[in-house]
Every structure is written in C-alpha cells, then in structure tokens.
Amino acid sequence: MAKAHFTLQGKGGVGKSLVSALIAQHRQEHGISLVCIDTDPVNATFTGYNAFPVERVELLKDNTIDEREFDRLIEIITENRDSEIVIDNGSSSFIPLSSYLIENEAIEMLHEMGHEIFIHPVITGGQSLMDTLSGFDSLARQFPESAKIIVWLNQYFGNIEKEDKTFEKMKVYQDHKDRVAGIINIPRNSSATFGEDMQQMLESRMTFEQAIKSDQFKLMSKHRLKMIKKILFDQINPVLGVTASVTNTSDSDDASSSTPSKRVKKGSKTASK
C-alpha cells in the first residue's frame, strides 16, 4: 500500500522539517523510493537537503492561496504509487492545507484509492507546549479515522509536561489515544555535546549518514550522532515498519549512500520558488 506522510503543526519553529527529514532518512535507508515535497512558503528548510531530492510546491503565492497547487499535491501522491511521499508543511500554510484536506475529503479519497495516510504532529516543551497540544487536538478531532496519527515529542525546548503529567497522561492524549498509531520521543541531551552536534548537522542540512561520514565532525561527535540516530530509528522502526534486510552504512567511511530518492513523475509539473 502506498504511503503519504504529512508533517503538520500550526506552530512554527518546533521541528517540523527535522521530523520530515528523519522520516525521509529512515525510509531511504530501508531502500524505499521517496518523493519529498516542501510546501512551506516561508522557510524552505526541507528543500535544503541534498541527500534526497525535495520538490517545491507553493501552496501560497504572494500570501494568496493557490487552490490548483493543492489539487496538484494530491495528484503527485496518486501518480507515485510505488513511492512513499513525505510532505513538509509550514505553519503559515497549516490552516489552508488542513482545511483543504478536510473540506475536499482528500484523505478519504486517497484511502479508497489504496493509499495509507500518516499525519505527523510535533509537540514541544517550553512556551510552545500549549500551542502544539492544541494543534494535535485539532488534527485528531477533524481528520478522519483513516488517517493514522504519529506524535513526535520534541524535548529540545524543555520537558513535555503539564501539571506534573507527561503527554501520555494528559487529557488531550487520553481523549485521542485510540487515534495515535505511535509516539516518537526526540530526547533532550546535553547542549554542550549532543545538542551542539545535532545543531551543526541540522544547520548544514545533513542527514545522519552524511554527517557521520563528513570531515566536519570529529570522532566523538560522530559517535554521539550514531547514538542519537539509533535512539530515534529504534523508535521509528516499529511505527513505520522496516524492510527485511538493510545494510547499515554508518560505520563505513567508503560505503555508498542508500537507495536514491525518486523525483516526481515527469507528468507532474512542480512550481519553482
């Protein structure tokens, strides 16, 4: 069954592009053909990665909704049945895209056509906790049950706790726990070591695989990145599934990169920035 992954959250700067990149890396390393789409009209962070080709689809042009681009996004999904689609959406187009998917019953249509839809909301600690919890609540309430929700807990800005309750004990999770297909925790490690390594990797728009092979990172930095990758991928494996046999190239300096991603089929014209 074809799969499409939508990274959605109405709050900006919470790690949506990081989540999209992690999904793409994981699927690529398991030999899965990818079509990656960046619909963020403001911060095209996902487009900055060169490990997997990322196509731009501009849902908003000059602050105006381009409804035909929404239609074309759905067409890209249906035309690439042999690939998994990873869609990174920005906070400014969160409401327009969510409204389009709901009003046009696009999720139900894709499901009937044999596509499996995953919604990936990001929840973060600190000042954005309430906003991101509200975003998750909105998605769980409005999206059809055919859409599987995978929650990403990004601890970078602080612990995700409310009134001494962890996410799984909060009312918002209890109200929607039957909708949640998985929870992936992005841990908060020492900012002076793990945090700095991750920040450098993200700013360079590198994947774990690229950073581990890069001369920009020293021995211990590469070791810490391997540790973080294992923690994350071990959580992603049971949620998204893995292929029967995968060669781990992280420990080999001369190993070739994973199966290349797939660009949008030629029949699909993608708008450039």
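If you filter segment 76-132 for GluC sites (Glu not before Pro), then keep DSSP loop positions with at most 16 other Cβ within 10 Å, what is left? Intermediate values should be presented prior to the final figure.
Values: sites: Glu79, Glu84, Glu103, Glu105, Glu108, Glu112, Glu116; in loops: Glu105.
Answer by residue number: Glu105.
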Which of the GluC sites (Glu not before Pro) across segment 131-166 are loop residues per DSSP, with 10 or fewer other Cβ within 10 Å?
Glu163
In square angstrom, rounded to the nearest 10, how much accessible surface does Thr166 have for a 1.4 Å probe?
60 Å²
How compact and how long is segment 8-106, expressed as Rg and Dmax of its alpha-carbon atoms in Å?
13.1, 38
Using Cα pairs closer than 8 Å and at least 6 residues apart in sequence, work out the relative contact order for the chain, in percent.
27 percent
Averaging sequence separations of C-alpha pairs under 8 Å and six or more residues apart, then dividing by the length of segment 91-235, give the relative contact order as a whole percent.
19 percent
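Can you tell me the convex hull volume per residue for segment 99-164, based on C-alpha atoms, in Å³ to the nearest whole number?
Values: hull volume 5.7 nm³, N = 66.
Dividing the Cα hull volume of segment 99-164 by its residue count gives 86 Å³.
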How are the alpha carbon pair distances in segment 170-225 distributed across 5 Å bins from zero to the largest one, expressed in percent?
4, 16, 22, 16, 8, 7, 12, 9, 4, 0
Over the chain, with a Gaussian network built from C-alpha contacts below 10 Å, which listed residue (Ser191, Ser98, Ser20) shows the highest mean-square fluctuation?
Ser191
Can you pull the percent of segment 1-138's accessible area that's carbon plus sulfur, 1.4 Å probe, other chains left in place?
44 percent
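Using Cα pairs under 8 angstrom and six or more residues apart, how large is the relative contact order of segment 32-161, in percent?
Working: 171 pairs, mean separation 29.4, N = 130.
Once normalised by length, the contact order is 23 percent.
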How large is log10 I(q)/I(0) at q = 0.09, 0.12, 0.14 Å⁻¹ when the Debye formula is applied to the Cα atoms of the chain, each weighted equally and without solvent?
-0.40, -0.72, -1.01
How many Å² of accessible area per residue for the chain, probe 1.4 Å?
48 Å²
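The values are calculated or read from the model by the stated rules, or taken from the named source; none is laboratory data. Remember, it's a predicted structure, so these values are computed and weren't measured experimentally. Here the Cβ is made from the backbone with ideal geometry for all residues, glycine too, and neighbour counts use every protein chain on show. Note: areas computed on protein heavy atoms with side chains; ligands, DNA, RNA excluded. Shrake-Rupley method; radii C 1.70, N 1.55, O 1.52, S 1.80 Å.
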